[in-house]
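The values are calculated or read from the model by the stated rules, or taken from the named source; none is laboratory data. A quick note: this is a predicted structure, and the numbers were derived from the prediction, not measured. Reconstructed Cβ throughout: ideal geometry from the backbone, glycine too, with neighbour counts over all protein chains shown. These accessible areas exclude ligands, DNA and RNA; they are computed on the full protein's heavy atoms, side chains included. Shrake-Rupley method; radii C 1.70, N 1.55, O 1.52, S 1.80 Å.
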Amino acid sequence: MRPELSATPSAIVLRGGFEMPERNTPQKTLESWKQIAAYLDRSERTVRRWEATEGLPVHRREHERQDTVFAFRHEIEAWSRLRTRCPREISIHEAESLPQLQPATNAYLVEHDAITRTMHCYIAGARAGDGDLMRAAFHPSATISGYCQGVEYSGSVDHVFQWITANGPAPNINPRFARIEIIESIAVVHLEVQRWSGRLAGANARASDVFTLLKWNGEWKITHKLFHWHNQ
């Protein structure tokens with residue numbers, strides 16, 4: 001005989017008192033840039049910038065034409081708490097009495113922020129057109145592979161540094177973190193970069209990059225850059 005189900009607002013309960021695990025209800029997620037912006041009481045433009053430059057935890061669902069975004073409220077709240085400073089006039093006693101975040105609870109966010117700092121070093125070098133500026137983001141043995149205008153390239157990461165310097169400044173690039181996945185001491189970052197410019201890139205070029213990172217000597221370093229330059 002099949003068990004009869006009765007629905008409650010937050011869970012499904014089997015007759016007899018057995019409760020099925022609660023699903024991730026819509027109240028726990030923000031399903032668009034508009035909802036994320038409203039939750040943070042900021043404009044959509046601001047929260048998009050925070051995702052690109054400050055590691056705001058926004059996730060994406062891949063679709064055939066255009067990805068959609070969503071965010072978990074608890075991740076947004078944890079991200080916000082990490083960036084909230086105590087007022088200068090607060091006493092030491094009051095500061096010590098504030099509830100402390102548990103390190104284990106925020107382990108992912110700690111590593112997430114460290115990885116985005118590494119990626120921002122790469123982005124800063126790209127904007128400035130200075131290959132040496134981004135060198136600190138890479139592992140000494142880092143490599144590259146990918147396609148540009150249908151031609152395959154592979155080799156040492158030094159080719160990237162040389163290309164960035166030869167291309168010159170690209171101050172208007174628009175980087176977006178499409179995915180950051182962390183597995184203990186390794187990570188994968190998917191970065192979409194629009195509005196590339198410069199002597200070699202031309203005007204308004206677009207590139208998709210996938211980076212693998214390794215936690216090396218306590219710091220996250222890029223070990224491989226996989227890239228695809230899109231035809232304009």
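Based on the Cβ-Cβ distance from S80 to A107, what FRET efficiency comes out when R0 is 22 Å, to the nearest 0.05?
0.80
Put a dot 7 Å past the Cα of H228, heading toward its Cβ, do the same for S141, and the two dots end up 2.8 nm apart.
The magnitude of the dipole of the range 143-232, with charges of +1 and -1 set on the Cβ of Lys/Arg and Asp/Glu and taken from the Cα centre, is near 260 debye. Database remark: amide H of G129 closer than 5 angstrom to the amide H of A170 (H placed geometrically; neighbours at sequence offset of 5 or more, or on other chains; Pro and chain starts carry no H).
Amide H contacts of H139: I222, T223, each under 5 Å away and 5 or more positions distant or on a separate chain (H built 1.01 Å from N in the peptide plane; Pro and chain starts excluded). Applying the Karplus relation 6.51 cos²θ - 1.76 cosθ + 1.60 with θ = phi - 60° to the range 151-166 yields 3J(HN,Hα) values of 9, 7, 10, 7, x, 6, 5, 4, 4, 5, 4, 5, 5, 4, 5, 5 Hz, where x marks Gly and Pro. Between E152 and N204, take the C-beta separation as r, use R0 = 25 Å, and let me know the FRET efficiency to the nearest 0.05. For R0 = 25 Å, the calculated efficiency reads 0.60. Entry comment: accessible area of the range 94-232 is 54 Å² per residue, from protein heavy atoms only and a probe of 1.4 Å. Close amide-amide hydrogen proximity is noted between R179 and H190, each under 5 Å apart and 5 or more residues distant or on a separate chain (H modeled in the peptide plane; Pro and chain starts excluded).
In this simple spin-label approximation, E62 and E219 carry label points 7 Å from Cα along the Cα→Cβ vector, and these lie 3.2 nm apart.
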